[in-house]
Amino acid sequence: MITVKNNIIPFKNFTALTLWPFIFVRKDEEKYYTDVVERHEHIHGEQQKEMLIIFFYLWYIIEWFIKLCYYHNSITAYKNISFEREAYANDGDFNYPTQRKHYSWIKIIYS
Ligand SMILES: [Zn+2]
């Protein structure tokens, strides 16, 4: 993946955003771009590849709306999107991005 450091993408107060094959990192948030965050973004990169990017974002937004209705809290809804559940659960595992099975996030949509 190609890391692009800038002050435009993502929005202020966010550290990084993946749009495969790029990881955009805000320069003013760079101190928060740790190995764990980098691995988290790599997991999203793998998810995006298997969802042909566009379907990743469509699914992401639809699932966020559904979980927003369920949890009534935008942050809780975000953290429970299946892509985020997989990434947060495994971003501490050094080997995970290369060893994960395709579509692993499907198993944890409702867990
Ligand atoms: Zn994430």
Assuming 0.36 nm per residue, please report the length gained on full extension of the stretch F94 to T34 beyond their Cα-Cα distance. 20.3 nm
Above-threshold pairs, the threshold being 29 Å between Cα atoms, out of K5/K107; K12/K67; K49/K79; K12/K49; K31/K107; K31/K67: K5/K107; K31/K107; K31/K67
What is the distance, in nm, between label points placed 7 Å from the Cα along the Cα-to-Cβ direction at Y71 and at I2? 3.3 nm
Counting only Cα, what are the radius of gyration and maximum Cα-Cα distance Dmax of the range 1-50, in Å? 10.0, 31
Calculate the all-directions average of the projected area of the chain's alpha-carbon convex hull, and give it in nm². 6.8 nm²
Could you compute the net charge surrounding F24? Neighbours are other residues with a C-beta less than 10 Å from the C-beta of F24; K and R count +1, D and E count -1. +1
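All of the numbers you see were taken from the coordinates with simple rules; none came from a lab. Quick caveat, the model's predicted, so the values are computed rather than measured. Every residue, glycine among them, receives a Cβ derived from its backbone with ideal geometry; neighbour counts consider all protein chains shown.
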